[in-house]
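One structure is given here, and the rest of the page talks about it.
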Amino acid sequence: MAAPGRRGAALFPAVLGLWQLGPVAAREWATRFPSLLGFQRRCVSCAAGATSSGPLLASASRRYGPNSALDRILGLSQPDSSLTLTPRVPAVSMNRDEQNHLLAHPPNMPANPRILRVAILGAPNAGKSTLSNQLLGRKVFPVSKKVHTTRCQALGVITEEEAQVILLDTPGLISPVEKKRHNLELSLLEDPWKSMESADLVIVLVDVSDKWTRNQLSPKVLQCLTQFSQVPSILVMNKVDCLKKKSVLLELTAALTEGVVNGKKLKIRQAFGSRPGTGCPSPAAQDPNTQSGRGPRRTGWPHFQEIFMLSALSQEDVKVLKQYLLARARPGPWEFHSEVLTSQTPEEICSNIIREKLLEHLPLEMPYNVQQKTIVWEEGPSGQLVIVQRLLVHKESHVRILIGPKGSLISRIADEVGRDLMNIFLCDVQLRLSVKLSDGPPSALAAHASGRSY
């Protein structure tokens with residue numbers, strides 16, 4: 001009897017009509033680079049008294065990668081990954097000068113270096129930063145359920161063996177109207193396009209759990225793909241774990257690719273069936289959102305080279321995509337030292353994480369209008385990172401909301417930020433947040449609101 005993993009690898013292509021989702025490059029990765037597994041780095045938090053470690057890397061023995069999204073979709077049993085280790089993920093220096101020195105340091109390249117620059121595109125809140133963090137193995141980009149958490153382009157760097165992959169984490173593609181509505185920076189309009197100019201590969205990320213938008217690529221994404229059609233692209237269907245009916249994935253695949261992948265027509269029967277509840281109407285349906293005066297408007301992209309179905313929250317799902325990206329790297333010099341994880345400064349990372357928490361905990365449009373000002377950033381006598389940041393708001397009522405009853409909300413925000421920063425910088429963090437009116441003296445309430453020490 002065939003092993004469960006082999007049965008799963010054979011079953012899904014049959015469902016798709018002999019079309020294989022899993023890339024050949026990912027399957028060949030384990031044989032090309034047998035020393036992929038490195039040493040696991042363990043981080044001990046002295047303050048919290050807890051021991052945490054990086055994600056565990058299972059043996060790459062399956063055809064489509066271990067514990068892949070395909071196996072999850074098919075309901076196959078998963079291997080025990082508790083006995084294997086993941087490559088070490090570098091920390092980010094808490095010192096700006098050290099970080100800048102590392103960024104400027106000549107890359108410590110091997111004899112045969114390879115490089116790949118990857119732009120990640122998608123609608124706002126599709127999960128781009130979550131995917132980037134999982135690929136990097138450490139959270140360095142802010143993540144929130146609200147849109148426009150990422151406000152400018154930032155780089156993430158994956159370095160394993162001879163290959164270096166540079167992730168261009170871009171803001172969600174928006175229109176000038178959205179920029180004005182949310183009081184957003186000009187970079188939100190410009191950065192995604194700049195990323196495409198230097199990209200070797202484009203990942204188009206689609207949130208398949210959003211039944212209102214999942215059946216077609218956004219016009220901005222299609223415009224970007226059309227203008228840079230010479231850049232190879234792959235489709236990543238995210239949040240597949242949220243789907244109750246996995247058959248919807250077949251219909252979405254046909255819609256988002258226009259039935260063509262890597263130059264081959266997909267053979268999917270009744271991809272746009274009339275079954276209720278799929279949330280995936282036919283492209284030919286007379287819908288005002290998909291039609292124009294010149295005829296049907298394109299809703300998919302027929303030039304994707306590969307398709308991945310995953311949950312960006314799953315370490316194992318994302319590992320399959322990571323292996324594919326490393327294998328796609330082509331001969332060329334590295335751009336960064338192997339110890340570089342991101343191009344952001346420590347202060348930028350901190351401000352981004354604080355903004356993430358503000359988006360999570362504050363209502364409506366309020367977090368978009370909070371200004372941040374770093375007052376203190378220094379190393380304490382015991383080697384801890386000491387941070388004091390002031391949050392500026394426009395209304396006295398917003399001061400009260402942000403502080404919360406007896407300082408509960410601002411303390412909770414500081415607590416969550418501090419824990420994230422410890423995992424990024426691998427050091428103890430002492431964080432204090434204060435709140436004041438942007439055009440007045442510090443609020444009396446704000447004087448009692450501060451973060452905790454870790």
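The values are calculated or read from the model by the stated rules, or taken from the named source; none is laboratory data. If you're wondering where the values come from, they're calculated on a predicted model, not measured in any experiment. Note that we place each Cβ from the backbone using ideal geometry, even for glycine, and neighbour counts take in every protein chain shown. The area values use the complete protein model at the heavy-atom level, side chains included, leaving out ligands, DNA and RNA. Shrake-Rupley method; radii C 1.70, N 1.55, O 1.52, S 1.80 Å.
Converting phi to 3J(HN,Hα) with the Karplus coefficients 6.51, -1.76 and 1.60 and the offset θ = phi - 60°, segment 88-93 yields 5, 9, x, 8, 9, 5 Hz in sequence order, with x at every glycine or proline. For segment 304-378, the alpha carbon positions stretch 44, 31, 22 Å along the principal axes, listed from largest to smallest.
Just the Cα atoms of segment 357-407, one point each, no solvent: what log10 I(q)/I(0) does Debye give at q = 0.16, 0.26 Å⁻¹? Result of the Debye calculation: -0.57, -1.00. For Gly122, the residues 5 or more places off, or on other chains, whose built amide H falls under 5 Å of its own are Leu173, Leu205. The Kirkwood hydrodynamic radius of segment 346-441, based on inverse pair distances between different Cα atoms, is 13.6 Å. You can think of it this way: the chain between Arg88 and Arg330 has 84.8 nm of extra reach, that is 0.36 nm per residue less the Cα-Cα gap. Taking amide H atoms as placed 1.01 Å from N in the peptide plane, the amide H of Ala154 lies under 5 Å from those of Asp169, each 5 or more residues away in sequence or on another chain. Phi angles across segment 217-226 convert, under the Karplus curve 6.51 cos²θ - 1.76 cosθ + 1.60 with θ = phi - 60°, into 3J(HN,Hα) values of 6, 5, x, 5, 5, 5, 4, 5, 5, 5 Hz, Gly and Pro given as x. Starting from the Cα of Lys264, step 7 Å along the direction of its Cβ; do the same at Cys242; then give the gap between the two resulting points in nm. Output for this residue pair reads 3.1 nm. Approximating the spin labels as points 7 Å out from Cα along Cα→Cβ, the Thr226-to-Ala104 distance works out to 4.4 nm.
Computed packing ranks the peptides 381-388, 306-313 as 306-313, 381-388, most packed first, by mean other Cβ atoms within 10 Å.
In this simple spin-label model, placing a label point 7 Å from the Cα along the Cα-to-Cβ direction at both Asp439 and Leu313 gives a separation of 4.2 nm. Under 5 Å between amide hydrogens, built in the peptide plane, is the criterion, and for Thr342 it picks out Val157 among residues at least 5 positions away or on other chains.
Please give the length that would be gained between Lys145 and Arg297 if that part of the chain were fully extended, namely 0.36 nm times their separation in residues minus their C-alpha to C-alpha distance (nm, one decimal).
51.8 nm is the gain from fully extending Lys145 to Arg297.
Remark: segment 346-441 carries 44 Å² of accessible area per residue (probe radius 1.4 Å; ligands, DNA and RNA excluded).
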